[in-house]
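Notes follow once the structure below has been shown.
The values are calculated or read from the model by the stated rules, or taken from the named source; none is laboratory data. Keep in mind it's a predicted model, so treat the numbers as computed, not measured. Backbone-built Cβ (ideal geometry, glycine too); neighbour counts: all protein chains shown.
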Number of protein chains: 2
Amino acid sequence: MNLNEKGLLIVLSGPSGTGKGTVVNEILARSDQYSLSVSDTTRPPRPNEIDGIDYNFVSPDKFKELIENGELLEYTQYDGNYYGTPLKNIVNHLDDGINVILEIEVEGALNVKRLFPEAVLIFLIPPDCDTLESRLRMRGTNSEESIEMRLERAKEELNFYDRYDYVVINDDGLVDEAALAVISIAESEKHKTSFNKHIPEEFFTD
Amino acid sequence: MNLNEKGLLIVLSGPSGTGKGTVVNEILARSDQYSLSVSDTTRPPRPNEIDGIDYNFVSPDKFKELIENGELLEYTQYDGNYYGTPLKNIVNHLDDGINVILEIEVEGALNVKRLFPEAVLIFLIPPDCDTLESRLRMRGTNSEESIEMRLERAKEELNFYDRYDYVVINDDGLVDEAALAVISIAESEKHKTSFNKHIPEEFFTD
């Protein structure tokens with residue numbers, strides 16, 4: 001008798017500037033049991049962002065086509081651009097026991113939870129609001145107006161905090177701790193009785 | 001801004017013969033963040049059991065007194081004996097950030113969950129029914145009748161499986177894995193948003 005060996009759908013979101021990408025890279029570096037689902041977006045690439053790695057950068061017309069063909073698990077609009085989660089690969093990875101990480105905004109996260117109630121929603125957050133602001137400034141690609149907008153948006157996103165299952169604080173210089181916390185949460189979720197409904201029956205037949 | 005530093009109330013139960021005590025000892029050996037709540041019982045000590053360590057062995061009259069004085073969080077009767085959870089120390093430990101482990105039978109566990117909905121219920125189980133039976137026989141202190149009764153009882157306890165939050169399999173020779181799973185579950189539970197309701201407000205004021 002063993003625990004359910006399927007992968008988990010892990011949704012990681014949190015305010016823009018929290019460092020979600022850095023935490024995800026740390027998780028991927030530490031374990032081959034995780035895969036990042038690359039989102040489709042109509043947003044232009046930032047410096048250093050690579051097509052197919054950070055996002056699948058697509059035109060608005062192509063995005064519309066993806067929606068119409070039912071190729072997106074969910075999609076949302078944010079800051080004038082579209083972001084979507086491609087269905088392809090997710091189910092296959094889960095069946096192969098690979099945990100799939102979705103790095104998506106709050107609205108998309110709640111949509112995923114509606115479609116996949118077993119999805120694990122993790123809210124990643126900087127240690128305080130000042131840290132968030134300074135991270136947004138350091139990024140150097142945001143206008144003053146965009147920074148203000150993102151801080152305002154962070155406030156709104158925190159209204160949905162209790163819709164998330166877990167919170168992980170991404171403190172400066174402690175990205176390894178944040179990554180280990182996510183890994184620990186996944187390890188723990190694999191022990192949920194709701195994820196292992198086969199146990200009582202198999203206990204007597206194995 | 002930090003995570004809630006209070007301790008967790010961890011309820012560990014599972015069929016008699018699962019090896020709950022061995023797993024608890026392994027947890028206590030690995031971390032000083034855990035404390036075992038010693039139960040009161042009217043059952044006579046088994047060989048090697050020490051009063052105040054394995055149980056507080058008390059007379060039926062004394063047990064009745066504990067009930068009347070409200071000194072028990074919960075109590076239950078099993079196999080002709082009484083078992084109870086003393087309230088003393090639990091709340092203090094939790095306030096000090098120490099995780100308190102209760103090693104109690106299913107009925108008591110569900111009573112605790114009613115009284116403390118935040119309690120984390122973990123069902124510990126051998127890898128299969130044959131393993132359970134051979135462990136009960138190896139113990140050498142159980143009559144054939146008592147073994148039959150305990151196996152029957154295990155079947156009944158598994159009816160309450162889905163009332164537990166987590167399941168941990170205690171496989172032969174892998175007690176360290178079972179202990180690490182419990183520790184991982186506790187680590188993860190400390191990240192629950194429901195355990196950290198202070199975060200959204202503190203994010204803007206810290």
*Output the number of residues of segment B:29-50 satisfying the condition of being closer than 18 Å to residue B:101 by Cα, of a type outside the set (Ser, Thr, Tyr) and surrounded by 11 or more Cβ atoms within 10 Å (Cβ to Cβ).*
6
*Among A:21, A:70, which is touching a residue at least 60 places away in the same chain (Cβ under 8 Å) and not in a strand (DSSP E or B)?*
A:21
*residue A:146 passes all but one of (1) surrounded by fewer than 17 Cβ atoms within 10 Å (Cβ to Cβ); (2) more than 11 Å from every other protein chain (Cβ to nearest Cβ); (3) closer than 19 Å to residue A:85 by Cβ; (4) in contact (Cβ under 8 Å) with a residue 40 or more places away in the chain; which number fails?*
(3)
_Subset tally (residues that are away from chain B (no Cβ under 14 Å), closer than 17 Å to residue A:166 by Cα and among the small types (Gly, Ala, Ser)) for segment A:87-143_ = 2
*Evaluation of residue B:76 against (1) of a type outside the set (Asp, Glu); (2) assigned to a helix (DSSP H, G or I); (3) in contact (Cβ under 8 Å) with a residue 24 or more places away in the chain (one fails), failing number*: (2)
*In the list B:44, B:15, which residue meets the criterion of being assigned to a loop (DSSP other than H, G, I, E, B), under 12 Å from the mean Cα position of the chain (by Cα) and touching a residue at least 12 places away in the same chain (Cβ under 8 Å)?*
B:15
_Members of segment A:155-206 found to be of a type in the set (A, V, I, L, M), part of a helix (DSSP H, G or I) and more than 7 Å from chain B (Cβ to nearest Cβ), listed by number_ = A:175, A:178, A:179, A:180, A:182, A:183, A:186
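Every residue, every condition in (1) within 27 Å of residue B:178 (Cβ to Cβ); (2) surrounded by fewer than 20 Cβ atoms within 10 Å (Cβ to Cβ); (3) under 21 Å from the mean Cα position of the chain (by Cα), yes or no:
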residue: A:123; (1), (2), (3): no, no, yes
residue: A:132; (1), (2), (3): no, no, yes
residue: A:138; (1), (2), (3): no, yes, no
residue: A:142; (1), (2), (3): no, yes, no
residue: A:156; (1), (2), (3): no, yes, yes
residue: A:161; (1), (2), (3): no, yes, yes
*From the set of residues in segment A:117-159 that are closer than 13 Å to residue A:17 by Cα and among the β-branched types (Val, Ile, Thr), which is modelled with the highest pLDDT?*
A:125
_Residue pairs, Cβ under 6 Å, 6 or more apart or interchain, first in segment A:92-107 and closer than 12 Å to residue A:75 by Cα, second assigned to a helix (DSSP H, G or I). List them._
A:106/A:157
